[in-house]
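The next block holds one structure in the form of structure tokens; read it before the comments.
Here, each number is a calculation from the coordinates, and none is a lab measurement. Worth saying up front: this structure is predicted, and the values here are computed from it rather than measured. Cβ atoms come from the backbone with ideal geometry, glycine included; neighbour counts cover every protein chain shown.
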Amino acid sequence: METNLSAWNTHDWSISRLELVPSHPIIHQVCCQCRRGFVEEFSTGERYAVYASIFRFYRLSDEVTSRWLSERCPAGRVIADEADRQTRLPGGSSYPAIGEMANNGSSPNGKIS
């Protein structure tokens with residue numbers, strides 16, 4: 001997905017660099033105002049919308065990713081975003097979150113489910 005940089009720069013980002021799968025670092029960014037979340041993969045530079053639960057990052061549909069990347073920050077929570085967050089790709093990329101790794105008591109196996 002191509003990012004509209006002028007829209008991207010309207011957000012107030014909280015940024016976390018994570019390595020939830022060994023040797024596969026990602027950047028998780030959440031806008032402090034509208035709470036939209038994205039993951040950027042270091043290896044490919046691909047950026048996509050995600051729903052972050054306590055246990056996983058779920059990749060959202062390409063349509064949601066494309067729209068969110070091209071829109072300016074709405075400067076507040078958008079009720080319609082809740083429906084967008086339900087567009088999780090079945091069998092799509094997801095990453096274990098820190099809570100899941102702690103619950104397993106071991107490191108992830110390197111597989112992205």
(request) Calculate, in nm to one decimal, what residue 86 and residue 44 gain on full extension: separation in residues at 0.36 nm each, minus their alpha carbon distance. (result) 12.6 nm
(request) Taking only the C-alpha atoms, wrap a convex hull around region 5-104 and report its volume per residue in Å³ as a whole number. (result) 102 Å³
(message) Which residues among region 40-72 fall inside the zone where the amide N is under 14 Å from a point 7 Å beyond the Cα of residue 6, along Cα→Cβ?
(response) 70-72
(request) Would you pull out the residues with amide H under 5 Å of residue 57's amide H, same chain only if 5 or more places away, H placed 1.01 Å from N? (result) 95, 97
(request) Tabulate in residue order the Karplus-calculated ³J(HN,Hα) for region 73-88, using 6.51 cos²θ - 1.76 cosθ + 1.60 with θ = phi - 60°, rounded to whole Hz; enter x for Gly and Pro. (result) 4, x, 6, x, 5, 10, 4, 5, 5, 4, 5, 4, 5, 8, 8, 4
(request) Calculate the spin-label point distance for residue 16 paired with residue 78, positioning each point 7 Å from the Cα along the beta-carbon direction, and give it in nanometres. (result) 2.3 nm
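How large is the charge dipole for region 5-104, taken about the Cα centre, if only the Cβ atoms of Lys, Arg (+1) and Asp, Glu (-1) carry charge, to the nearest 20 debye?
On the way: 11 positive and 12 negative charges, 35 e Å.
The calculated dipole for region 5-104 is roughly 160 debye.
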